[in-house]
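Right, one structure below, let's go through it.
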Amino acid sequence: MSSYWAEYALLPDGLARDVLFRIEGDVFDAIETGRPQGGAQRLPGVVLPGLANTHSHAFHRALRGRTHADGGTFWTWREVMYDAARRLDPDNYLALARATYAEMALSGVTSVGEFHYVHHQAEGSPYADPNAMGEALQQAAREAGVRLTLLDTCYLAGGLTADGHQPLAAEQRRFGDADVSAWADRVACLQDDATNRVGTAIHSVRAVQREQLREVAACKQLGRIGRTMHAHVSEQPAENEACQAFYGMTPVQLLADAGAVDRDFSAVHATHLTRDDIDTLGHAGATAAFCPTTERDLADGIGPSRELLDAGARLSLGSDQHAIIDMFEEARGLESHERLRTLHRGRILPSELLTAATAHDTIGWPEAGSLRAGAKADLVAIDLESPRTSGVPAEFVLTAATSADVTDVIRDGDVIVADRHHRVGDVGRLLTEAIDNLWEDRS
């Protein structure tokens with residue numbers, strides 16, 4: 001049994017004072033308010049549940065600051081991304097992902113959904129262990145102290161035009177399996193453990209043909225793969241236009257027709273949706289995983305978050321390509337983008353933002369994300385006396401704090417970050433070494 005005390009905490013029913021947390025193993029045994037500190041360890045500022053980063057491409061962290069020189073679009077940005085992807089191997093991916101996940105932990109993240117599609121060797125042949133890359137990510141998360149849901153991604157085609165799907169390009173071959181059955185067989189060999197779970201993803205309707213989408217959905221229904229499933233959806237208008245031209249329907253409609261859209265489904269980005277798309281996702285109780293800092297960095301656009309909530313969908317947040325790793329900024333981005341889109345303030349309430357920032361259930365960890373007895377024992381302490389947060393009421397900390405204000409992070413009762421220091425050591429140095437190594441000339 002261990003115990004912690006905080007002057008303020010954001011509990012499920014709102015802000016509480018003088019809160020005592022008793023932890024037994026990896027869960028909260030009891031949470032009591034109005035209690036003296038006694039012998040409990042004090043946590044500074046206000047305590048929040050652990051944050052959930054529901055959409056990550058760990059290797060994209062190596063792109064930060066390297067894609068801005070020539071402007072361009074999402075499609076030109078992809079060329080730099082492909083260059084980074086071709087340089088990966090299990091060893092350098094382990095180093096890069098470990099440092100990236102540690103950076104997430106420093107920002108208060110205790111669970112991450114890794115949208116993983118770099119499966120094979122650069123020319124497309126499997127490693128001796130077909131899941132070597134995914135297992136490197138799992139090891140990286142264990143060492144960095146975050147829970148991981150490895151969303152192993154089905155990626156079969158190189159793109160979609162009005163004339164149909166294109167074959168995988170040379171730079172995409174390492175992403176693809178032969179077909180859905182081969183992909184599902186490989187995924188079935190991945191193992192869960194105490195801090196790692198396996199989910200699945202459809203890269204996009206560009207990368208998986210309709211008949212294969214139906215097979216993916218059937219695999220889920222038959223229990224061949226896990227129920228948690230994500231997909232990039234309507235991130236760019238060009239994707240919608242190609243889908244309409246070839247299939248006569250939107251990506252959401254195509255995925256729903258294939259049987260993929262249900263309560264366990266997350267539509268990542270969900271930017272360019274029709275009214276029918278919104279209603280389909282809402283009726284299913286699906287999730288829209290917004291990544292505001294990436295969506296603005298890549299000039300994707302602003303999705304209809306309020307309309308999705310009102311239709312019955314849920315929201316989650318991810319840092320995606322990691323132009324920034326700061327879930328506070330993602331949460332504020334969700335609301336500020338709504339203000340820019342509608343010219344109205346307060347479209348998404350602070351309580352709704354916190355729910356989106358702690359949506360662990362949408363990546364397969366329903367027992368995490370809430371400060372309540374029986375839940376996973378995750379605590380994130382936020383400094384209320386920094387230059388950014390001084391004078392801010394504790395209940396509105398999401399409106400002002402940044403990742404730099406996270407002082408302490410506890411996951412499953414284990415101390416991961418203490419007084420702003422991660423247990424792996426100097427995360428900045430680890431990032432520098434991993435990224436410099438990746439960009440060395442490997443020709």
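The values are calculated or read from the model by the stated rules, or taken from the named source; none is laboratory data. None of the values given here were measured: they were computed from a predicted structure. Using ideal geometry, Cβ is built from the backbone for each residue, glycine included, and neighbour counts are taken over all protein chains shown. Quick note on the areas: whole protein, heavy atoms, side chains included, nothing else; ligands and nucleic acids left out. Shrake-Rupley method; radii C 1.70, N 1.55, O 1.52, S 1.80 Å.
Things worth noting here:
- Using a simple spin-label model with pseudo-atoms 7 Å out from Cα toward Cβ, residue 169 and residue 433 lie 3.4 nm apart.
- Among the GluC sites (Glu not before Pro) in the stretch 71-155, those placed in a DSSP loop whose Cβ has at most 12 other Cβ atoms within 10 Å are 123.
- Degrees separating the helix 427-439 axis from the principal Cα axis of the chain, which is the longest one: 10 degrees
- Residue-wise HN-Hα coupling along the stretch 93-105, computed from phi with Karplus coefficients 6.51, -1.76, 1.60 (Hz; x: Gly, Pro): 5, 4, 5, 5, 5, 4, 5, 5, 5, 5, 4, 4, 4
- Accessible surface comparison of 68, 55, probe 1.4 Å, protein chains only, largest first: the order is 68, 55.
- For the chain, with all protein chains in place and a probe radius of 1.4 Å, 49% of the accessible heavy-atom surface sits on carbon or sulfur.
- Length-normalised contact order of the stretch 260-302 in % [C-alpha pairs under 8 Å, at least 6 apart]: 48 percent
- Area of residue 94 that stays accessible when all protein chains are in place (1.4 Å probe, Å², to 10): 30 Å²
- Ratio of the Cα radius of gyration of the stretch 24-143 to 2.2 N^0.38 Å, where N counts its residues: 1.43
- Within the stretch 132-168: backbone nitrogen closer than 11 Å to the residue 182 label point (7 Å, Cα to C-beta): 156
- Helix 275-284 axis, angle to the chain major axis (alpha carbon atoms, nearest 10°): 60 degrees
- Rotationally averaged projected area of the chain (alpha carbon convex hull; nm²): 20.4 nm²
- Positive-pole candidate from 53, 198, 309, dipole of the chain, charges at beta carbon: 309
- Among 341, 173, 78, the order of accessible area from largest down is 173, 341, 78, computed with a 1.4 Å probe on protein heavy atoms.
- Note: relative contact order over the stretch 205-293, using C-alpha pairs below 8 Å and six or more positions apart, is 32 percent.
- Cα-based radius of gyration of the stretch 185-280 once divided by 2.2 N^0.38 Å, which approximates compact folds: 1.11
- Pairwise centroid distance, computed over Cα atoms, of the stretch 169-221 with the stretch 117-151, Å: 14 Å
- With contacts taken as Cα pairs under 8 Å and at least 6 residues apart, the stretch 266-340 reaches a relative contact order of 34 percent.
- Fully extended contour minus Cα-Cα distance, from residue 121 to residue 75, at 0.36 nm per residue: 14.2 nm
- Accessible area per residue was computed with a 1.4 Å probe on protein heavy atoms; residue 83 scores about 40 Å².
- Computed with a 1.4 Å probe on the full set of protein chains, the accessible area for residue 15 sits at about 70 Å².
- C-alpha long axis of helix 132-144 to longest principal axis of the chain, angle in °: 10 degrees
- The calculated P(r) of the stretch 70-201, using every Cα pair and 10 Å bins from 0, goes 12, 39, 35, 12, 1 in percent.
- Three-way shape label, the stretch 71-115, alpha-carbon gyration tensor, a/c 1.5: oblate
- The stretch 1-52 versus the stretch 344-393: alpha-carbon centroid distance in Å: 14 Å
- On a per residue basis, the chain carries 37 Å² of accessible surface, using protein heavy atoms and a 1.4 Å probe.
- Whether the stretch 290-443 is rounded, prolate or oblate, judged on the alpha carbon gyration tensor where a/c under 1.5 counts as rounded: oblate
- Semi-axes of the equivalent ellipsoid of the stretch 20-84 are 46, 13, 10 Å, computed as sqrt(5λ) over the eigenvalues of the C-alpha gyration tensor in descending order.
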